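Everything on this sheet refers to the single structure shown next.
The values are calculated or read from the model by the stated rules, or taken from the named source; none is laboratory data. This one's a predicted model, so the numbers in the text were calculated from it and none came from an experiment. When we count neighbours, we look across all protein chains shown, and the Cβ atoms used for this are built from the backbone with ideal geometry, even at glycine. Ligands, DNA and RNA are stripped out before the accessible areas are found, and what is left, the full protein with its side chains, is counted by its heavy atoms. Shrake-Rupley method; radii C 1.70, N 1.55, O 1.52, S 1.80 Å.
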Amino acid sequence: MSIEAEIARRKTFAIISHPDAGKTTLTEKFLLFGGQIQTAGAVKSNKIKKTAASDFMEIEKQRGISVATSVMTFEYKGKLVNILDTPGHKDFAEDTYRTLTAVDSVILVIDCVKGVEEQTERLMEVCRMRATPVIVFINKLDRDGKDPFDLLDELEGKLNIQVHPMSWPINMGRDFKGVYLLENGSLNLFESSKTKVSDDYVRLSDLNDPRLDEKVGEKDALKLREDAELIEGVYGKLNKADYLSAEVAPVFFGSALNNFGIQELLDTFIELAPIPQSRATTSRLVAPDEKKFTGFIFKIHANLDPKHRDRIAFLRVCSGKFERNKPYEHVRLDKQVRFANPYTFLAQSKEVVDDAYPGDVVGLYDTGNFKIGDTLTEGEEMMFKGIPSFSPEIFKELINLDPMKSKQLEKGIQQLTDEGLASLFTQEPGSRKFVGTVGELQFEVLQYRLEHEYGAKCRFEPRNMHKACWMSGEELVVKEFMKFRMNNIAWDKDGLPVFLAETGYILRMAQENNPKIEFHTNSEFKAGVSA
Ligand code: G4P
């Protein structure tokens with residue numbers, strides 16, 4: 001198959017949601033449709049979930065949360081679908097943000113009872129920043145949720161995107177009767193079933209078809225006719241270009257647990273979702289169908305085997321063909337690297353691959369050569385842009401509890417923060433280390449892993465800080481400010497200075513008093529990507 005044909009059949013995306021909205025369940029159902037899971041019973045008993053393909057780490061098993069990001073690949077209707085899984089826990093949100101840099105589109109899952117939740121808003125902000133096309137799946141229709149029109153309003157109001165209903169529910173909760181597919185005028189009648197793979201649709205000639213009254217009853221048929229008329233008037237027909245430019249999000253209703261509404265979601269996704277797209281680098285835009293291979297690391301994974309230090313770096317192929325054993329340029333280190341055992345992922349198993357194409361994610365064994373954002377090419381000097389660091393929300397100072405193990409602690413904290421588990425800011429002189437995260441849990445994970453993988457004992461002491469801000473402006477002015485605020489300046493992992501503002505007020509004052517300096521709460525500006 002030609003490279004063009006390989007690209008044209010690939011769809012790489014992530015399912016995102018607030019924890020508990022149903023991301024894992026939906027992922028499982030997709031795998032079921034894709035034939036990756038053979039028996040629906042496995043889904044019903046939730047075995048897949050508990051031993052899901054994302055549980056690489058022991059700590060993850062212990063906590064029963066998805067700390068890691070993994071990849072699942074399946075074929076559906078002639079397309080090759082790569083789902084990049086994202087951690088469900090909010091403390092690992094930054095992991096999710098980074099995964100979003102490696103996808104071409106997302107499916108957002110909303111719980112119809114809860115509506116748009118806080119984490120969803122933040123995830124969508126990242127999607128909006130990158131203009132990633134979004135399809136929304138409103139889940140748990142078997143429960144009494146919010147009014148569907150209110151849900152649409154809430155989506156538009158809170159997520160700053162226009163919505164376009166593709167299906168429409170007939171009641172919810174105990175009275176839930178099914179959904180009407182607005183685009184093709186068919187009825188998908190609800191049947192609580194955890195085993196059914198394929199949905200049978202009732203094709204209606206139009207909404208006046210008497211079979212509608214027959215199937216859902218006169219009262220609900222009337223309501224549906226009214227709703228559909230209103231929707232038609234407000235939303236009209238979906239314009240695919242508006243979806244692809246991330247201005248409009250198609251919305252589906254269903255129940256992942258009951259395997260309901262998944263087929264139309266998946267079918268529409270396969271038809272509409274973008275194939276691998278061009279990506280910006282420091283020097284130019286790279287098109288996927290270019291002959292030469294390029295790719296970047298968006299995620300570094302913990303040791304599969306805690307006794308060994310090797311890690312897995314996740315590479316997104318951006319252009320050309322990635323080949324096993326072929327030497328590639330590691331641009332940041334200006335060094336040739338080759339991979340004897342790169343692998344791809346198929347649900348729970350992984351397989352060594354000889355080649356991979358744009359949109360694919362390849363797992364590379366890494367002995368410490370990679371950082372998040374590293375670029376591989378066939379020799380060209382450039383870096384992929386737009387893999388942001390965000391200001392952490394919780395800051396703690398790393399205190400060494402065993403001076404005999406200082407080296408191990410130093411190495412451990414460097415490597416673990418290279419993985420993107422937390423941000424590390426070092427103060428000079430004195431080498432005080434501040435670790436920043438978005439959640440408390442990461443400190444526990446860090447402490448556990450430093451002890452079990454590196455034999456280093458430490459403690460984290462809370463520090464009162466509000467934000468870490470990267471600075472831009474005239475060099476002399478920034479330097480002067482740094483001299484003046486020496487006690488609040490530290491260096492990030494890339495050697496860039498940040499201002500550690502203790503409170504929001506202090507940050508505002510710094511801004512007011514230094515109008516020539518811009519303070520940024522994410523590092524995206526340095527990659528040249530504007531928000
Ligand atoms: P997440 O990955 O987004 O965190 O959500 P997950 O799929 O784990 O789903 C969270 C809970 O919601 C699970 O129940 C799951 O069974 C349930 N759920 C998912 N889809 C639906 C749906 O369509 N209808 C209803 N009623 N529930 C749904 P749990 O009790 O937390 O877990 P489990 O004991 O079922 O594994």
remark   = Restricting the stretch 97-122 to residues that are within 12 Å of the ligand (Cβ to nearest atom) and in a helix (DSSP H, G or I), the one most open to solvent (accessible area, probe 1.4 Å) turns out to be GLN119
ask   = For the stretch 405-488, which helices (runs of 4 or more DSSP H) that fit wholly inside it have 2 or more residues that are over 23 Å from PRO87 (Cβ atoms)?
value = 406-418, 475-484
ask   = Counting only residues that are outside any strand (DSSP E or B), of a type outside the set (D, E, K, R) and within 18 Å of GLU226 (Cα to Cα), how many does the stretch 136-182 have?
value = 9
query = Can you name every residue in the stretch 423-451 that is farther than 23 Å from ARG311 by Cα and surrounded by fewer than 16 Cβ atoms within 10 Å (Cβ to Cβ)?
reply = GLU428, PRO429, GLY430, SER431, ARG432, GLU440
query = How many residues, within the stretch 452-494, are of a type in the set (D, E, K, R), open to solvent by 70 Å² or more (accessible area, probe 1.4 Å) and touching a helix residue (DSSP H, G or I) at 6+ places or on another chain (Cβ under 9 Å)?
reply = 3
task = Out of the residues in the stretch 18-37 that are on the phi > 0 side of the Ramachandran plot and within 15 Å of the ligand (Cβ to nearest atom), state the one that is surrounded by the most Cβ atoms within 10 Å (Cβ to Cβ).
result = GLY22
Given (1) assigned to a helix (DSSP H, G or I); (2) open to solvent by less than 20 Å² (accessible area, probe 1.4 Å); (3) under 26 Å from VAL251 (Cα atoms); (4) at pLDDT below 85, number of the condition LYS49 does not satisfy = (2)
Selected residue (criterion: surrounded by the most Cβ atoms within 10 Å (Cβ to Cβ)) from residues of the stretch 78-96 that are acidic (Asp, Glu) and within 22 Å of PRO358 (Cα to Cα) = ASP95
ask   = Do we find that VAL248 is outside the structural domain of GLY157 (by TED's automatic domain parsing) and more than 16 Å from the ligand (Cβ to nearest atom) in this structure?
value = no
query = What about HIS301, is it at pLDDT below 85 and loosely packed, with under 15 Cβ neighbours inside 10 Å?
reply = no
request  = Mind counting the residues in the stretch 180-198 that are in contact with a helix residue (DSSP H, G or I) (Cβ under 8 Å, 6 or more places away or on another chain) and either at pLDDT 90 or above or farther than 18 Å from PRO250 by Cβ (or both)?
outcome  = 10
ask   = Scanning the stretch 123-162 for residues that are among the basic types (Lys, Arg) and more than 12 Å from the ligand (Cβ to nearest atom), which turns out nearest to ILE275 (Cα to Cα)?
value = ARG130
